[in-house]
1. Can B:I64 be described as assigned to a strand (DSSP E or B), more than 7 Å from every other protein chain (Cβ to nearest Cβ) and within 18 Å of the chain's Cα centre (by Cα)?
2. Among the residues of the stretch B:227-245, write down those that are over 18 Å from B:Y281 (Cβ atoms) and either touching a strand residue (DSSP E or B) at 6+ places or on another chain (Cβ under 7 Å) or of a type in the set (V, I, T) (or both).
3. What number of residues in the stretch A:221-259 are in contact with a Leu (Cβ under 9 Å, 6 or more places away or on another chain) and surrounded by 15 or more Cβ atoms within 10 Å (Cβ to Cβ)?
4. I'd like to check which strands (runs of 3 or more DSSP E) are fully inside the stretch A:180-282 and have at least 1 residues that are among the aliphatic types (A, V, I, L, M) and over 19 Å from the mean Cα position of the chain (by Cα).
5. When you scan the stretch A:203-222, do you find a residue that is in contact with a Pro (Cβ under 6 Å, 6 or more places away or on another chain) and modelled with pLDDT of 95 or more, even just one?
6. What's the total number of residues in the stretch B:246-283 that are within 13 Å of another protein chain (Cβ to nearest Cβ), closer than 20 Å to B:G161 by Cα and in contact (Cβ under 8 Å) with a residue 40 or more places away in the chain?
7. Just checking, which of B:K78, B:K135 is surrounded by fewer than 24 Cβ atoms within 10 Å (Cβ to Cβ) and over 30 Å from B:V279 (Cα atoms)?
8. Taking the criterion of being within 8 Å of another protein chain (Cβ to nearest Cβ), of a type in the set (G, A, S), buried (at least 19 other Cβ atoms within 10 Å of the Cβ) and under 21 Å from A:A282 (Cα atoms), would at least one residue in the stretch A:112-131 satisfy it?
2 protein chains.
Amino acid sequence: MKNIDDIAKLAGVSKSTVSRYLNNGSVSIKTKEKLDKIIQEQDYQPNQFAQSLRAHRTNMIGAIIPRMNSFAVDETIKGVKSICDELNYRLLLNFTNLNSELELDALDTFYRSKVDGIVLMATDITEKHLEVINKMDIPVIIVGQSHEHLHCIVHDDYQAGYLVGDILGNQGYKDILFFGVTETDIAVGIHRKQGFVDALKTYGIQPHISIASFNYQEAMLDVTSALQKYPHYDAIVGATDSIALAIHKYNSEHNLYKYIVGFGGDPVTKIVSPPIHTVSYAFNRAGEVAMEKLNQLIQHEIVENQITIDIDDSFKI
Amino acid sequence: MKNIDDIAKLAGVSKSTVSRYLNNGSVSIKTKEKLDKIIQEQDYQPNQFAQSLRAHRTNMIGAIIPRMNSFAVDETIKGVKSICDELNYRLLLNFTNLNSELELDALDTFYRSKVDGIVLMATDITEKHLEVINKMDIPVIIVGQSHEHLHCIVHDDYQAGYLVGDILGNQGYKDILFFGVTETDIAVGIHRKQGFVDALKTYGIQPHISIASFNYQEAMLDVTSALQKYPHYDAIVGATDSIALAIHKYNSEHNLYKYIVGFGGDPVTKIVSPPIHTVSYAFNRAGEVAMEKLNQLIQHEIVENQITIDIDDSFKI
């Protein structure tokens, strides 16, 4: 049986390119066509390669996480871990403290530790990320961010925003303030807000939009500044639970009893009184799907590039 | 220059025993005396061994964490990471989801990944833990739990309990309820409570003691059951911030305005209204010290077995 080296030689490409091709990683269209042809001509089954590659497997998976004290990250990783346990992978984590540079380091560390695949909860996908990921001959799956050239698992943020906008419109709220986040964050800054705005448009309502930070302490300042000017809204929405908690804090301190909504399903929203309404995200499921798909990529199966996880639509007020 | 194999042969012990000896790990007194003597006779400097061992170093550190969505764990690991960054180690995490069996797996995974040393935030130190740790020829440092035969970093829980008892006594509180945790947890269940009780004794006050779970949801049931019977305390103390948050929730729902104290410094205690008073722990510092000491052990320096980190004594009410 010919091996991966022979195929690489026949195609005039490097062994890692063939490996990347077999992993459904990024190779140029020209190279892909050439390899498709050679593999067909030689009447090879990818499984043969798979078996030869599997001999090098370590059954270790690396997950890169931006922060730890986060309900979303915790739930996602629990989902990843449950599938790892089921499939007999050992899971290692690398914590980047929200530093995008450290994500590149973490990719390299895991690669050198010879993990079979990587789950990346990225803060951002830069050109440098793409370059590092494309150089590696192991599969990488991104959770929570979207990039057309990578395998990604995302939540349906437009749906979540639409759900909240629709319910507020339906319940007769009219004077509504939405604290969004910066539009450099596509998922939260753009999609989540757009769903909200579009739903309210069907009721003829245009919400007021303000911007707040992801960080609770900074969001507190943003919320204070906005509500000091005009505190008379019927309902106030935070694009994240942290922002919703900041709104709640401001309300409690100023004896305002506004209707507050958050996004994320963080249990802290139920500890405060009165509880904050929040849209639950299927973080655990996203982690499970990420690991299931990563395993398929490790087995050289074909996996769609973009997978969208539905929001828990049981949200009501 | 003779190497570690020669010394092992001369002493009639395994190479890993010599390595453990050089790492200040656990060896029997008899073996220690034998190795002391051989090394003296041969006029060897431990540095020579150190250098020969260092050649195998990977500059990777493994940290084992029981859970992720926790302020204490997050802060501790940030401390570990900052020293890793300073000393050019790469840090990998293994998440055990509060499962003591998985801690043993994690020790094994890291050992096989050839890390230079391990930080273990253990839920519990069992005989099996000791056995696994003693078999390894790399140093392991425990954070947050104490064991006489292992290198441990602990917080001064007696001091923390005393601080709160003293302040409540001093401020004239008399009818006081303390929600402790099970005494199988030495640090929180015994030391923290004892400091609290001892401080109040100097004021001639004996607090009521009740037991609650570490888990917020379960603590909520414990708190409800105790306060339904008798809600008339002046002050209510939770041995952890989670318990204090459960007390707060019960109070808010029943319009009780009791004085509440927690332990841990979790920022969530400042989000609720009114804020909960809490004793801050130097988690970040504990993580830094753990990594500094682990590095010393990796360099074959001598490190004291038990290190106690002071509580932040700026707590006041």
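1. Criteria met by B:I64.
2. Answer for the stretch B:227-245, where residues must be over 18 Å from B:Y281 (Cβ atoms) and either touching a strand residue (DSSP E or B) at 6+ places or on another chain (Cβ under 7 Å) or of a type in the set (V, I, T) (or both): B:Y233, B:D234, B:A235, B:I236.
3. Summing the residues that are in contact with a Leu (Cβ under 9 Å, 6 or more places away or on another chain) and surrounded by 15 or more Cβ atoms within 10 Å (Cβ to Cβ) in the stretch A:221-259 gives 14.
4. Passing ranges, in order: A:208-211, A:235-238, A:259-264.
5. No - not one qualifying residue is present in the stretch A:203-222.
6. Counting residues in the stretch B:246-283 that are within 13 Å of another protein chain (Cβ to nearest Cβ), closer than 20 Å to B:G161 by Cα and in contact (Cβ under 8 Å) with a residue 40 or more places away in the chain gives 6.
7. Every option except B:K135 fails the conditions.
8. no
The values are calculated or read from the model by the stated rules, or taken from the named source; none is laboratory data. These numbers come from a predicted model, not from an experiment. Reconstructed Cβ throughout: ideal geometry from the backbone, glycine too, with neighbour counts over all protein chains shown.
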